[in-house]
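Visitor: Take a look at this one; I'll ask things after.
Computed from the coordinates by the stated procedures, all read-outs in this text should not be read as laboratory data. All values reported here derive from a predicted model rather than from experimental measurement. Every residue, glycine among them, receives a Cβ derived from its backbone with ideal geometry; neighbour counts consider all protein chains shown.
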């Protein structure tokens, strides 16, 4: 790649050759029609150093004089385009020229126009990276544009590659010159401040900063010439991140200066000045550290005494310096000749602006001697020459003002400023230097005869040097007094060798006296603060002091400021918080009341204190408990309460008496106000129900005198519609904070669930092997807690096996309405060993505890089908009894069956013995002896005994068992189901919610009811009942329930 240096050399040679004179006609003829004056031999060269492209060409070479003349009236337009140009692009304006130059400027002769060379530079902007075409069109004398754009003639044949850097320079360079230090401060904004990370500032590739100083403006075209002319000076090289540089201007500088700041990054320095990294050409900085010269025309001084005031005036005059328009003139005074204004014995007395040319100096009293005056000048930049010569000094001039002088200060004043301090002021005496002033205190006015050595007469309270003219005198603490102050001066005068102090007290005492007060006011008595909970504030009141203009401060402390003491000072603890400062009541008010507002939600103890400060700043800072300091309870927290009914914060409420309980969080001012209604209660519309009388104030009662628990009882009766119960409780604590709590978490549920049982029914009859389907629906208006069922197996002689309660099987559809439960179960009929009627009970309990039990009966018959296909029913006998059962163990004599048999046998033996004894006694009856017939051993009256002992025709006791077996069997075919009206187990329907299935086994254990021991002989009472077929059916004996037993599998009964 061609370097920037080689390109620059080539470009320079080309320009020199073109500008040396008319170009020699090329060997080839020029292209295009000569009348169109097309540019010829165009060349474009890009310079990487200056990032500019130089375009060169020449005029059409011809011997036609007419065309020479046309050239003087024609102009060239230079174009740049990313694509190759043609005539239509130029004429349509799609590509615009960047240069417009004359084809033959007037400086050339007419014969020099043919082949005249031209050159134009195009400065590229930042961030260019691409190839571009350059072309030239001609504006002919008649105003038409000739844009042939022929390659290598008026347009370059190949595009030139151009690459420029982005702006890598600082911004907003500014410079400020300080004439007092003769330094110029250059400041700028770094690129990384505007766009962090744009340039590397650490490592070997970090940029550095160059600061330049030059007297002419800098731009991309003049930068090189500034260096050639020696006008450009590199004054600073800084590391990355610096944003200022201070340059010390050389002495004798008075010029307008420019400053430029550039970056150097990897060898590249951006000197295009496309941004603001150099001073604006219109705003250079003026650097001037050259002081003006001496005044021309000299300085004069003339003294004139002032008999009335005892002083005099010296008038100094001079001529302004014409060369300095905004100069300042300085006047100096000394008692001897001087040549440098920095001499410590030279007094600077005045500064005068331009155009005045004089100054009047008032000579102090007591002055006597010769004085010298000088006038110097400083320019508008503040440059001043301290060295002077006699040509700008006026004098010596004799100044005499001693004759009218008085050796005392004047205008003595005293003011008590409070805080135990009195300010004494005066005006120093005139005509003396280096005097010392003494301040005296006395109870009365001093005079020339006062003995200053007696402390009871006067007391020296302060000594002050001259020029201060004020003394602050401390007043003793805890006093009230009228005080007098005088001030004397002690100094050495021109004609005296020792000091002198005048004590004539002519004009140096105050009149009248000043009142001083350092006594603290009487403590203010603070009434006990009152907490206003409803307003969330603390009310503080006190009686005002007899002082006038006093002020009060109110403090608060959240801790323990007294540390188990009863008193202290407000200054002892920094934790006192100032709430109200400098409250000054009107003098006519005898008492004051202030209110301190609190934030919401406070519950704390705080100390409140009151201090008083009088009009002089004397403060009473002592505190005493229950006097001007009180501990109060700041309570802005509304009372809270736990509201329950029957001990629960929510739930269902059935028909019953209920108790509303309110447990408050803190003591209350009065019993809670309660309002209990249904959720839809509206007295205006007449709907809903209120449990508390409308329009009355109902309060809860304290439970056993408790201050934290209150109650109120109320009933819920049947017939109330299901709705939410709303409880409103209003609480007011002891300080007035109120809170109304509203809860509606309870549901009034005065209705029992509804049970619709579809199967089984009293008409249902199940054969052996069938499944008993338990199917129905339970609903409730609020919600179901659980739905359970159990079977009751009815046995002979009043026995019942009661199964345990089990949860029903929930088969409710997903789209069913809420609070509905559909159940469906199967139970084998073989579960019931005895044929006959059995019972089913369904129990539903809702969330409020309302319960409903529905009952039904069903018939189970042990039927089977024989080989012939006929169904045979046992009607009471279990045809499969014993089938599948384990073999029962052989009973022992201690088992209940044997005990009963033994008891029956014993009873029969006793009856037999009783019968034998009665027979023996009967055989000995005398009536029998008297009977003379031979009809036999017994008569008809004794036949009953024979029947008793022989049991009929059988003649033996063993036939008793046979009689029992001969009892007729019940014909179940003739039995019929009970009507619902006669069914003792029928139950009305009720409702409930669905419940989850229980994980308990469906085959739960049954309850088996057994007869008590006292009924063991009931079997004997039933003997012979078969003979009473015509008697009405006996009433069923009451059932006696025994212990629960497991449900057993049904076994087939063995055949005899």
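Visitor: Want the number for residue 339 to residue 720: 0.36 nm per residue separation, take away the alpha-carbon distance, what's left?
Guide: On the way: separation 381, 0.36 × 381 = 137.16 nm, distance 12.00 nm.
125.2 nm is the gain from fully extending residue 339 to residue 720.
Visitor: If you look at just the Cα atoms of segment 199-320, how large are its Rg and its Dmax in Å?
Guide: Radius of gyration, then largest Cα-Cα span, for segment 199-320: 25.5, 84 Å.
Visitor: With r defined as the distance between the Cβ atoms of residue 33 and residue 244 and R0 fixed at 60 Å, what FRET efficiency is calculated, to the nearest 0.05?
Guide: On the way: r = 63 Å, r/R0 = 1.06.
It comes to 0.40.
Visitor: In addition: Give the distance, in whole Å, between the Cα centre of segment 282-354 and the Cα centre of segment 692-740.
Guide: Each part reduced to its Cα centre gives a spacing of 98 Å.
Visitor: Still on this model: Suppose we take every Cα in segment 513-558 and form the convex hull; what volume per residue is that in Å³?
Guide: Details: hull volume 5.2 nm³, N = 46.
Residue-normalised Cα hull volume stands at 112 Å³.
Visitor: For residue 433 and residue 480, what does the FRET efficiency come to when R0 = 41 Å and r is the distance between their Cβ atoms, rounded to the nearest 0.05? Intermediate values should be presented prior to the final figure.
Guide: On the way: r = 41 Å, r/R0 = 1.00.
Efficiency, from the Cβ-Cβ distance: 0.50.
Visitor: Write down Rg/Rh for segment 410-517, rounded to two decimals, with Rg from the C-alpha atoms and Rh from the Kirkwood relation over Cα pairs. Show your work: numbers first, answer last.
Guide: On the way: Rg = 13.9 Å, Rh = 14.3 Å.
Radius of gyration relative to Kirkwood radius: 0.97.
Visitor: Hey, what's the Kirkwood Rh for segment 530-635 if you take every pair of different alpha carbons, in angstrom?
Guide: Numbers: mean 1/r = 0.0692 Å⁻¹.
The answer is 14.4 Å.
Visitor: Report the full-extension gain for the segment residue 121 to residue 501: residue separation times 0.36 nm, less the Cα-Cα distance, to one decimal in nm. List each step's numbers first, then the result.
Guide: Numbers: separation 380, 0.36 × 380 = 136.80 nm, distance 9.09 nm.
Contour length minus the Cα-Cα distance gives 127.7 nm.
Visitor: Still on this structure: Each label point is 7 Å from the Cα along the Cα-to-Cβ direction; what then is the distance between the points at residue 530 and residue 894, in nm?
Guide: Result for the modelled spin labels: 9.1 nm.
Visitor: Given points 7 Å out from each Cα along the Cα-Cβ axis, report the residue 181 to residue 158 separation in nanometres with one decimal.
Guide: Those two pseudo-labels are separated by 5.9 nm.
Visitor: Here's a follow-up. Stretch residue 254-residue 128 to full length: gain in nm at 0.36 nm per residue minus the Cα-Cα span?
Guide: Fully extending the segment from residue 254 to residue 128 adds 41.1 nm.
Visitor: Moving on. Normalised radius of gyration for segment 641-748, please: alpha carbon Rg relative to 2.2 N^0.38 Å, two decimal places. Spell out each step's value before the answer.
Guide: On the way: Rg = 13.8 Å, N = 108, 2.2 N^0.38 = 13.0 Å.
The value comes to 1.06.
Visitor: Follow-up question, since we're still on this one. How far apart, in nm, are the 7 Å Cα→Cβ label points at residue 296 and residue 86?
Guide: So the two model labels end up 7.8 nm from each other.
Visitor: What do you get for Rg/Rh of segment 300-400 when both radii come from the Cα atoms and Rh is the Kirkwood radius? All intermediate terms of the calculation are to be shown ahead of the outcome.
Guide: Working: Rg = 13.8 Å, Rh = 14.1 Å.
Reported Rg/Rh (Cα atoms, Kirkwood Rh): 0.98.
Visitor: Moving to a separate point now. What is the projected area of the convex hull of the Cα atoms of segment 563-615, averaged over all directions, in nm²? Before the final figure, lay out the partial values.
Guide: On the way: hull surface 22.6 nm².
Answer in nm², one decimal: 5.6.
Visitor: With r as the distance between the Cβ atoms of residue 151 and residue 231 and R0 = 45 Å, compute the FRET efficiency 1/(1 + (r/R0)^6) and round to 0.05. Intermediate values should be presented prior to the final figure.
Guide: Numbers: r = 44 Å, r/R0 = 0.97.
Efficiency, from the Cβ-Cβ distance: 0.55.
Visitor: Convex hull over the alpha-carbon atoms of segment 162-218: what's its volume per residue in Å³?
Guide: 148
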